[in-house]
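Participant: Got a structure here, written out as structure tokens. Questions coming.
The values are calculated or read from the model by the stated rules, or taken from the named source; none is laboratory data. Source: prediction; values computed, not measured. With ideal geometry, Cβ positions are generated from the backbone for all residues, glycine too; neighbour counts draw on all protein chains shown. These area figures cover heavy atoms from the full protein model, side chains too; ligands, DNA and RNA do not enter into them. Shrake-Rupley method; radii C 1.70, N 1.55, O 1.52, S 1.80 Å.
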Amino acid sequence: MESLYCRIYGRVQLVMFRDFATRKAHQFGIVGYVRNMPDGSVEAYGEGKRKALEQWLINLKHGPLLSHVKRVDAQWNIAPPSDIPQKSFDSFDIIF
């Protein structure tokens, strides 16, 4: 099991990006979370098989139809941010 932490920048809020990231995570068997950030970016964290996470990352770089992704900063195999409870994820959730 590996992990992938991403910050996605561009027009990624109010365009169903979190829902898109969640649907793709479910499609690829990834657990974790996605949430909007105060600076207008989206944060996503997933755990799963390397191939699945690579496919998820490709999708995050494209985003849903109405989005415009300018940049994705990705880091492999780091722990989730400290404000997220340190637990084993058993699903993929949108954090509000």
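Participant: Can you tell me how many residues within region 15-45 are more than 19 Å from Met1 (Cα to Cα) and either modelled with pLDDT under 95 or not small (Gly, Ala, Ser) (or both)?
Facilitator: The number of residues fulfilling the criteria is 14.
Participant: Tally up the residues in region 20-48 that are charged (D, E, K, R) and either in a strand (DSSP E or B) or open to solvent by less than 30 Å² (accessible area, probe 1.4 Å) (or both), please.
Facilitator: Taking region 20-48 as the starting set, the residues that turn out to be charged (D, E, K, R) are 23-24, 35, 39, 43, 47.
Those left that are additionally either in a strand (DSSP E or B) or open to solvent by less than 30 Å² (accessible area, probe 1.4 Å) (or both): 35, 43, 47.
Selection size over region 20-48: 3.
Participant: Then there's this: Scanning region 49-96 for residues that are touching a Phe, Trp or Tyr at 6+ places or on another chain (Cβ under 6 Å), part of a helix (DSSP H, G or I) and among the hydrophobic types (A, V, I, L, M, F, W, C), which turns out least open to solvent (accessible area, probe 1.4 Å)?
Facilitator: Among residues in region 49-96 that are touching a Phe, Trp or Tyr at 6+ places or on another chain (Cβ under 6 Å), part of a helix (DSSP H, G or I) and among the hydrophobic types (A, V, I, L, M, F, W, C), the one least open to solvent (accessible area, probe 1.4 Å) is Trp56.
Participant: Another question about this same structure. With the requirement that a residue be part of a helix (DSSP H, G or I), under 14 Å from Leu57 (Cα atoms) and open to solvent by 20 Å² or more (accessible area, probe 1.4 Å), what does region 5-19 give you? Reasoning before the result, please.
Facilitator: First, pick out the residues of region 5-19 that are part of a helix (DSSP H, G or I): 17-19.
Add one more test, that the residue is under 14 Å from Leu57 (Cα atoms), and what stays is 17-18.
Residue satisfying the conditions is Arg18 alone.
Participant: Between a first residue in region 69-96 that is closer than 16 Å to Val31 by Cβ and a second residue that is among the polar types (S, T, N, Q), which pairs have beta carbons less than 6 Å apart while being 6 or more apart in sequence or on different chains?
Facilitator: Listed pairs, sorted by first residue: Asn77/Ser3; Phe92/Thr22; Ile94/Thr22.
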